[in-house]
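For reference, the structure discussed in these notes is given below.
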Amino acid sequence: VVLPLLLPDAPVVVWWPVNGPLDPAKDPLGALAQRRVTDTYACEEPVRELAARAAAYTPGDTDLAWTRITPWRSMLAAALDQVTCEVRSVEVEGEEYNPSCELLAMWLADRLEVPVKRSLSAGPGLTAVRLDTSCGPIKLDRADGRLATLSIQGQPERAVALKRRETAELIAEELRRLDPDDTYASALRFGVDRLNGDAESAPADQVPLAVATPEEDAAKAPAQRAAAKTARKSPSRKAAAK
């Protein structure tokens, strides 16, 4: 149905709002596109889905969970440009089952080559990033999902706009670039299981991707798993995904 409607040599972008294929590039629609947009936040098991995305990554793949952290990455890069310090460790704080938190943590660990700890909060989404540096702590804290506070040792605190963006804004950002996102690919392949201080435990090409074992799943309390499942399907969580 779609193929006859495509213009020759026109760029094609495919977006799966929910339940994207395990290998977007081999999907019948994905094979027609230069850019394939999925959203691991809309999946039933977002963190496990990141492992599947890494295993099947093809240049042109991207994820709205990655797009959501563009303002965070820009703000953190700008903060580090203001100091001449060595970063020793990082902590990324955010709600559970939020792949944007994992991707930001993996990006920082991949780029800075320091241990990165992933800690949990009540949300919404990402709530804080703390960098321990040789010049003192740097902290980007956003408790309400709208306004963040940037704290750098020796400088006054600054309020910065860091609101959670609508899906339309995320798609618009993706449409502005159709070339492969090598930074996303590198962060994705870093692996969730190398977080929490294990960044230097093994080379990147020898570390397995993060997939929870059946024993780890069985160890979770039934009440906790039921609550997490309810939270993932609740209307408020879907609204927050925007």
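The values are calculated or read from the model by the stated rules, or taken from the named source; none is laboratory data. The structure displayed is predicted, hence computed values, not measured ones. As a convention, Cβ positions derive from the backbone with ideal geometry for all residues, glycine included, and neighbour counts pool all protein chains shown. Ligands, DNA and RNA are stripped out before the accessible areas are found, and what is left, the full protein with its side chains, is counted by its heavy atoms. Shrake-Rupley method; radii C 1.70, N 1.55, O 1.52, S 1.80 Å.
Among the residues that make up region 73-89, is at least one of them surrounded by fewer than 20 Cβ atoms within 10 Å (Cβ to Cβ), charged (D, E, K, R), over 17 Å from V14 (Cβ atoms) and touching a strand residue (DSSP E or B) at 6+ places or on another chain (Cβ under 6 Å)?
So in region 73-89, the residues surrounded by fewer than 20 Cβ atoms within 10 Å (Cβ to Cβ) come out as 73-75, 77-78, 80-89.
Okay, now just the ones that are also charged (D, E, K, R), so 73, 81, 86, 88.
Narrowing the set further to residues that are over 17 Å from V14 (Cβ atoms) leaves 73, 81, 86, 88.
Checking which are touching a strand residue (DSSP E or B) at 6+ places or on another chain (Cβ under 6 Å) leaves us with 88.
Yes: one or more hits.
Only a single item in (1) surrounded by fewer than 16 Cβ atoms within 10 Å (Cβ to Cβ); (2) at pLDDT 50 or above is not met by E200, and it is number (2).
Which fully enclosed strands (runs of 3 or more DSSP E) of region 93-186 have 1 or more residues being open to solvent by less than 60 Å² (accessible area, probe 1.4 Å) and of a type outside the set (V, I, T)?
Details: elements: 116-120, 126-133, 136-141, 147-152, 158-161.
Strands (runs of 3 or more DSSP E) meeting the threshold: 116-120, 126-133, 136-141, 147-152.
When you go through P17, P11 one by one, which is the residue that is in contact with a helix residue (DSSP H, G or I) (Cβ under 7 Å, 6 or more places away or on another chain) and touching a residue at least 12 places away in the same chain (Cβ under 8 Å)? From the options P17, P11, the qualifying one is P17. Screening P99 on (1) in contact (Cβ under 8 Å) with a residue 24 or more places away in the chain; (2) closer than 24 Å to E157 by Cα shows it passes everything except condition (2).
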